Amino acid sequence: MSKSEAKSEEIQQHTFTLRDNATGESYDLPVLDGTEEPSVIDVRNLYQKTGLFLYDPGFTSTASCSSAITYIDGEKGILRHRGYAIEDLAENSDYLDVCYLLLHGELPSPEEKVEFDHHITHHTMLHEQLMYFYRGFRRDAHPMAIMVGVVGALSSFYHDSTDITDPQQRMVASHRLIAKMPTIGAYAYKYSKGLPFIYPSNDLSFSENLLKMVFSVPADNYDVNPVLAKAMDRILILHADHEQNASTSTVRLAGSSAANPFACIAAGIGSLWGPAHGGANEAVLRMLSEIGSKDRIPEFVKRAKDPKDDYRLMGFGHRVYKNYDPRAKVMRKSCHEVLNELGIDDPRLELAMELERIALEDDYFVERKLYPNVDFYSGIILKAMGFPTNMFTAIFAIARTVGWIAHWKEMMSEGPPQIGRPRQLYVGDQERKFATIDVREHKQSRGWSWLWGNSKE
Ligand code: CMC
């Protein structure tokens, strides 16, 4: 009996019977219960027993692993890290508290907190030689493009933390990644502006440091606004982890081949970049600017509802939440606080609230349970704080690094990972006889049609 089978037996309560109508055969499959609903049907032996695979391209009904880090009840709008509600964490803790909680399973004691903060603070600087990598990028490179490259390059600098079989090296790599991401992200921004890199300061908190490295210049004094530092910290907490989302699953999949942690996180950054995932906050701001005024909202809502139009309202809908995203509620409140503090009267906030009101009353959105998600408000806050739009997803990546790392560590601590290797429903040609070039059919030249013709291959 394998280790994973032994583990699953402990939590198995009953079986699920699957019947193949073609053969009349029935198969009993174990049902495994976690500490919260829903339970899962253990199909690991399904192919062996039936010769059939499961088909679930978007993983809408598939649990890819077991995990003790984050729990989401999408129907009720609940998000908890290690049992603690996200609302409590956002209100009462700071980002490094949450990092410790995600990595270790418990909130730190006062002594552990001091030690952890010290470790992270003292790993924020980058190897000087790493700076040369930035020069290889175009000036107008997207910060996410730079971050994928620079984080991947970390594996060539920190050889003393790439032995994934050593728990101590795994921990050092975790600290390095969490600590260096703000520096890497801030430098990506500075590079794109042609401004000097600002070194991290050990007397500042994680969030204060991030703001300082992004917004200060050596020629001027820079005092971190405490309201903005608090808001920054909250943004980081709200984005710290979110269970098996696309980028976290990417990190786990990369890690399952025993790749080093820096390579795994670089893969996660690439996955986060897409507008359906971390790129959504950037897309929300573009959308609000495009809508422009309240009277144009119905036109855009109509497009979003049109089945023939691919257009979607950015910042609405979520694969898991079929209720108001609990993070969006906190973010909405924070958004008002920041705009008040800065005395900003951003018409986009008013537009966003009106769009939210109209969408939440519309049958299309109500029936499909499409509520505002975390990204609906985060872009407005980040813009008000002075971040350029293309840094929004970079901030998300900085915050999510701890979640990626916590999941990677959890997977590695369970012993050598089983490589993630999905199967497929093959729909291509069946076996054909090879045709040599002299017997293949001649085809008309495509001429210039490729330039303006149907772009579909
Ligand atoms: N605007 C209009 N219609 C939508 C939207 C939207 N934003 N989202 C989903 N729908 C419709 C969709 O057209 C479909 O309609 P129908 O049943 O008539 O075909 C139905 O709702 C279900 O959509 P789906 O694509 O099957 O849902 P999904 O779970 O695969 O997609 C999503 C989830 C987040 C990719 C999607 O809601 C979306 O594209 N939202 C906009 C992008 C966005 O805000 N992403 C950030 C997600 S939160 C941050 C993060 O986790 O990274």
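Starting from the coordinates of the alpha-carbon atoms of the chain, obtain the Kirkwood hydrodynamic radius over all distinct pairs and give the value in Å to one decimal. It would help to have the intermediate numbers written out before the result.
Values: mean 1/r = 0.0409 Å⁻¹.
Evaluated over the chain, this radius sits at 24.5 Å.
Rolling a 1.4 angstrom probe over the protein chains, ignoring ligands and nucleic acids, what is the accessible area of ASP295 in square angstrom, nearest 10?
So the heavy atoms of ASP295 present about 120 Å² to solvent.
Run the numbers for ALA68 and GLN129: contour at 0.36 nm per residue of separation, minus the present Cα-Cα distance, in nm.
Values: separation 61, 0.36 × 61 = 21.96 nm, distance 3.82 nm.
Computed gain between ALA68 and GLN129 is 18.1 nm.
Pairs to check: LYS333/LYS383; LYS180/LYS383; LYS305/LYS383; LYS230/LYS333; LYS76/LYS308; LYS308/LYS383. Give those whose C-alpha atoms are more than 21 Å from each other in this structure. Before the final figure, lay out the partial values.
Details: LYS333/LYS383 16 Å; LYS180/LYS383 23 Å; LYS305/LYS383 28 Å; LYS230/LYS333 13 Å; LYS76/LYS308 31 Å; LYS308/LYS383 33 Å.
In this structure, LYS180/LYS383; LYS305/LYS383; LYS76/LYS308; LYS308/LYS383 lie more than 21 Å apart at Cα.
Can you give me the % of accessible surface on the chain that is carbon or sulfur? Probe 1.4 Å, all protein chains present, nothing else counted.
Working: 12740 of 24760 Å².
Of the solvent-accessible surface of the chain, carbon and sulfur hold 51 percent.
If each DSSP helix of 4+ residues adds -39,500 (n - 2.57) and the sum is divided by the residues in the chain, what number results at 222 nm, nearest 500 deg cm²/dmol?
On the way: 20 runs with 228 residues, N = 457.
Helix-only estimate at 222 nm: -15500 deg cm²/dmol.
Per 0.36 nm of contour for each residue apart, how much would the distance between ILE419 and SER293 grow if the chain were fully extended, relative to their Cα-Cα spacing? Could you put the intermediate results ahead of the total?
Values: separation 126, 0.36 × 126 = 45.36 nm, distance 5.04 nm.
So the extension gain works out to 40.3 nm.
By accessible area of protein heavy atoms, probe 1.4 Å, what ranking do ASP346, ASP223, ASP363, ASP306 get, highest first?
Listed by decreasing accessible area, they come as ASP223, ASP363, ASP306, ASP346.
Amide H neighbours of THR15 under 5 Å, at least 5 residues apart or on other chains, H built in the peptide plane: list them.
Residues meeting the criterion, in which the H sits 1.01 Å from N, are VAL31.
Compute, for TYR132, the solvent-accessible surface of its heavy atoms (probe 1.4 Å) with the complete set of protein chains present, and express it in square angstrom to the nearest 10.
Only protein atoms counted, so the area is about 130 Å².
To the nearest 10 square angstrom, what accessible area does GLU91 show with a 1.4 Å probe?
Per-residue accessible area (GLU91): approximately 100 Å².
Work through the residues other than THR183 whose Cβ is under 14 Å from its Cβ and net out their charges, Lys, Arg +1 and Asp, Glu -1. Don't jump to the answer; show the numbers that get you there.
Numbers: positive: ARG176, LYS180, LYS190, LYS212; negative: GLU128, GLU208.
The answer is +2.
Heavy atoms only, 1.4 Å probe, whole protein assembly: order ILE344, ILE269 by accessible area, highest first. Each step should come with its number before you reach the end.
Values: ILE344 65, ILE269 0 Å².
Correct descending sequence by accessible area is ILE344, ILE269.
Leaving out ligands and nucleic acids, and using a 1.4 Å probe, what accessible area per residue does the chain come to in Å²?
Working: 24760 Å² over 457 residues.
So the chain comes to 54 Å² accessible per residue, rounded to a whole number.
Using only the heavy atoms of the protein chains and a 1.4 Å probe, how would MET147, MET411 rank by accessible area, largest first?
On the way: MET147 0, MET411 20 Å².
My answer, sorted largest first, is MET411, MET147.
The values are calculated or read from the model by the stated rules, or taken from the named source; none is laboratory data. These figures come from a predicted structure and were not determined experimentally. Note that each Cβ is placed from the backbone with ideal geometry, even for glycine, and that neighbours are counted across all protein chains shown. Heavy atoms of the whole protein, side chains included, go into the accessibility calculation; ligands, DNA and RNA do not. Shrake-Rupley method; radii C 1.70, N 1.55, O 1.52, S 1.80 Å.
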